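Trainee: Take a look at the following structure, please.
What follows draws every value from the coordinates through simple rules; no lab data is involved. The structure presented is a predicted model; accordingly, all values stated were derived computationally and were not measured. Note that each Cβ is placed from the backbone with ideal geometry, even for glycine, and that neighbours are counted across all protein chains shown.
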Amino acid sequence: MGEGGWLHGRACKHTYTHVCARTHVHMAAHTHTYVHAILLPPPSDPKSLLQTQPPGSLPVPPRSSPHGPGSAGRLICGRRARPRPEQSGGVLKKLGLSEDEDLQLMLQGSLLLKVTSRRAKERRYRLQEDGITVVSERRFGRMASKHSFSVAHIVSVHRGHHSEGLRRYGCAIPEWNCFTITFEGGRRNLDLGARDEDVALRWVRGLRTLRGRLRGMSQRERLEHWIHGMLQRADKDKDNRMCFQEVQIMLRMANIHMDNAYAHQLFKECDHSGDGRLEDQELEDFCRRLLRRPELEELFGHYSGEDCVLSAEELRDFLQDQGEEGTLHQACAIICAHELNEKARQQGLMTLDGFTMYLLSAAGDILNQEHTEVHQDMSQPLCHYFISSSHNTYLTRNQIGGTSSTEAYVRALMMGCRCVELDCWEGPDGEPIVCHGHTFTSKILFRDVIEAIRDCAFKRSPYPVILSLENHCGVEQQATMARHMKAILGDMLLTQPLEGQDPGVLPSPEQLKGKVLVKGKKLPELQCETCSVTSIPDEEEEEETEEEDRLQAKDASHVAPELSAMVVYCQATPFPGLAQALQQPRPYEMSSFSERKARKLIKEAGPTFVHYTSRQLSRVYPLGLKMTSSNYNPQEMWNAGCQLVALNFQTPGYEMDLNTGRFLGNGGCGYVLKPQFLRSPHSGSPHPLVLRIRVITAQQLPKLNREKLSSIVDPFVRVEIYGVTADCSKQQTAYRSNNGFNPRWEETLTFQLRVPELALVRFVVEDHDSTSCNDFVGQFTLPLGSMREGYRHIHLLSKDGASLAPATLFVHVTCKRP
């Protein structure tokens, strides 16, 4: 494909009969009842263009519906228009849920108790008319406090005293009156209690129903739902008609800035009745103009020619230009799966609508869909994998005064984390606790943490979970820890080496499926046999703890035989130095390094350190002096082959974006096979390549300041490469003023990569600000090896990793050997 422009031209010949047949389908597509109105072929009237469209984009035709005035066949955003008297069921009707009694109750609203550590507060929770937002309101005299959440961000809904919060603070509320909502990203669980069991049950069922329907939506349906929700919010008097002022509100909600005179002209062109309001067909015309994708029309037209439909042969050519296998059979299968028009589908043809559906589906995603399943060799030793690892897993905020919670373990494990940390301290009544010592963080019972791990360890991934114990308990409570792990984890807990396993080689993730491993101090065998107790220094203690704290905790560095017996393949030992470690390799032993010490080793003895990490497990953790629990760049540690690069999962930022991106592939199972040259340092060299990314457009970027309608983003796109030092670079596009709805750049960014096997690519959208720091809009990070070539959509995520649907970038990617 060409580097800077649209695809090279091709000469395509068709028989007269084929052209006539295709023309018939093309005409039929315009009159078919279910054709999506928002992507009809372009017109010749230049007045219909949005002011924000770039020069050269194609205009939209005036509407010519086969239905007469008042016809039931009218469409809004590609769906049938709702009757005018209908006020609240429009969106639910489109979702096929208008008759759902649970959702009708949620629309009316319910008084629910929000359970927190302070006290339960009664608030009114109500599902909004967009069918996706739930608002809670509490009154303080004449003042009202409002909060909201999106059903699209819900991970799960559980009845009963399921959460730690309800178990601790909701005991006074009957169990089946309670339910817990967990969210993606960094939002904490929401614990609620109803006045009676039936209300709780109906909210749980209703939320699950909505979540299931929303998760099953295609990108196209999400877009239609999004624009319809904006129409409803802008329609202040709820009469299903839009005056000019309401249209202006909707445009600003959609992140579009239009000159008032031009907007009024466009409004008048769509107001065919001349009554100063848009309704039904007129609203449909207006929405169609907003949702056009000129860049897709151009791409489609390049391959389809003048008859405006793609044959299976032409679609095959497009697929081959995409770098895919591109057989005729595959092209026919895509038409059957994505084409909306029945007549076109029957004749093996694809309309613009079907082409758009295909590019917005998972098949058009930049992430290789084969990598959403486990696809790597999982039978190699543990030390040959990068392993998703968490530091201070128990914290929900910073390590000085933050809250400790079992929720944090659940969240990390559900993100694919395979190594969690437990800082164990002496607790009251003989029960060990987990917390950040000598700080104001809250405390949780060790037993509760182990129960949470048992319940969630293998929901996201079947591969082994490592419990990294930082032990500050005395011998008696260590024995209690051992009893709790054995009783709660049962057969999950690995307490003996695998039968027949070579003692000189670590077992593989495949061999350890469904097992929980303990990383901790191990007594010498002789001392274990005689049940004696010895003192073994903790490397993290040595580097991070003040001298007086070490004196106070000297008893905590003794090891109980019961706990020692549970340590098998992850025996924590002080780092003996590279020379000794390489001369006397002990695969079952592993050392931990602060980020500072790891950087020093990499700088002073990089190749030797890589040799070390190819044979033994190593763990890197953040400096303990970081009061805000900030993270370090994990990429430099991965470059040296370090397996367990532990980060503060509760702290959003580019570091966690990189971690999420690193473990996005291989099914998100938390284990990623290291490149061959990091597994066997003398086995070969990397394969350089040239990466070209043409940033074409963005769609429906989120509005940063929802309270200020006049605030429209000025977006630009930055592409960042993280890998070996020579490959790290950033390039960005120019910004587009006042357009977060459909900005267009058409800029190509080129990167020379020497070690592509380690590279991560991060796409970032920011709001340009000439007087202060740019504001973050969205991002997506993935491994270069999981990135597909060709025309691709990128689905953006928020700062804490939540979906920003329907916000996307549209790019073209090529990778070539130099």
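Trainee: Would you work out which of HIS272, VAL309, ASN341 lies farthest towards the positive end of the dipole of segment 221-371, given +1 charges on the beta-carbon of Lys and Arg and -1 on that of Asp and Glu, about the Cα centre?
Mentor: Checked the options; the winner is HIS272.
Trainee: Would you mind counting up the charge near GLY684? Only other residues with Cβ under 15 Å from its Cβ, with Lys and Arg at +1 and Asp and Glu at -1.
Mentor: Counting the neighbours of GLY684, the net charge comes to +2.
Trainee: Which three extents, in angstrom, do the Cα atoms of segment 90-215 have along their principal axes, listed largest first?
Mentor: Result, largest extent first: 40, 35, 30 Å.
Trainee: Remind me, relative contact order of segment 388-453 in percent, using alpha carbon pairs under 8 angstrom and six or more residues apart?
Mentor: Answer for segment 388-453 is 36 percent.
Trainee: Here's something else I'd like to know. Charges at C-beta only: +1 for Lys and Arg, -1 for Asp and Glu. How large is the resulting dipole of segment 588-641 about its Cα centre, in Debye rounded to 20?
Mentor: About 120 debye.
Trainee: Can you flag which of LYS459/LYS703; LYS603/LYS730; LYS146/LYS268; LYS93/LYS343 are past 29 Å Cα-Cα?
Mentor: Listed pairs above 29 Å: LYS459/LYS703; LYS146/LYS268.
Trainee: Given charges of +1 on the Cβ of Lys and Arg and -1 on the Cβ of Asp and Glu, with all other atoms neutral, how large is the dipole of segment 90-215 about its Cα centre, in debye to the nearest 20?
Mentor: 580
Trainee: Relative contact order for segment 382-668: what percent, with Cα pairs under 8 Å and sequence separation of 6 or more?
Mentor: Here the relative contact order equals 21 percent.
Trainee: Still on this structure, I have one more. Would you work out the relative contact order for segment 587-740, in percent, from Cα pairs under 8 angstrom that are 6 or more residues apart?
Mentor: Once normalised by length, the contact order is 17 percent.
Trainee: On to the next question. Distance in nm between label sites at GLU431 and LEU328, each 7 Å beyond Cα in the beta-carbon direction?
Mentor: About 7.1 nm separates the two model spin labels.
Trainee: Related question: For segment 651-661, what does the Karplus curve 6.51 cos²θ - 1.76 cosθ + 1.60, with θ = phi - 60°, yield as ³J(HN,Hα) per residue in whole Hz, taken in order and with x for Gly and Pro?
Mentor: Those phi angles translate into 10, x, x, 5, 5, 6, 4, 5, 5, 4, x Hz.
Trainee: Can you sort MET590, MET217 from fewest to most other Cβ atoms within 10 Å of each residue's own Cβ?
Mentor: Ranked by crowding around the Cβ, least crowded first: MET217, MET590.
Trainee: How long are the three semi-axes of the equivalent ellipsoid of segment 689-816, in whole Å, if each is the root of 5 times an eigenvalue of the C-alpha gyration tensor, listed from largest down?
Mentor: Listed largest to smallest, the semi-axes of segment 689-816 are 26, 14, 14 Å.
Trainee: Students often forget the sequence filter, so: which lysines lie under 24 Å Cα-Cα from LYS600 once same-chain residues fewer than 8 apart are removed?
Mentor: LYS626, LYS674
Trainee: How large is the convex hull of the Cα atoms of segment 382-668 per residue, expressed in Å³ as a whole number?
Mentor: In segment 382-668, the Cα hull volume divided by residue count equals 124 Å³.
Trainee: Lys and Arg at +1, Asp and Glu at -1: add these up for the other residues within a Cβ distance under 13 Å of PRO462 and post the number.
Mentor: +3
Trainee: Enter the mean projected area of the convex hull around the alpha-carbon atoms of segment 283-384, in nm², rounded to one decimal.
Mentor: 9.6
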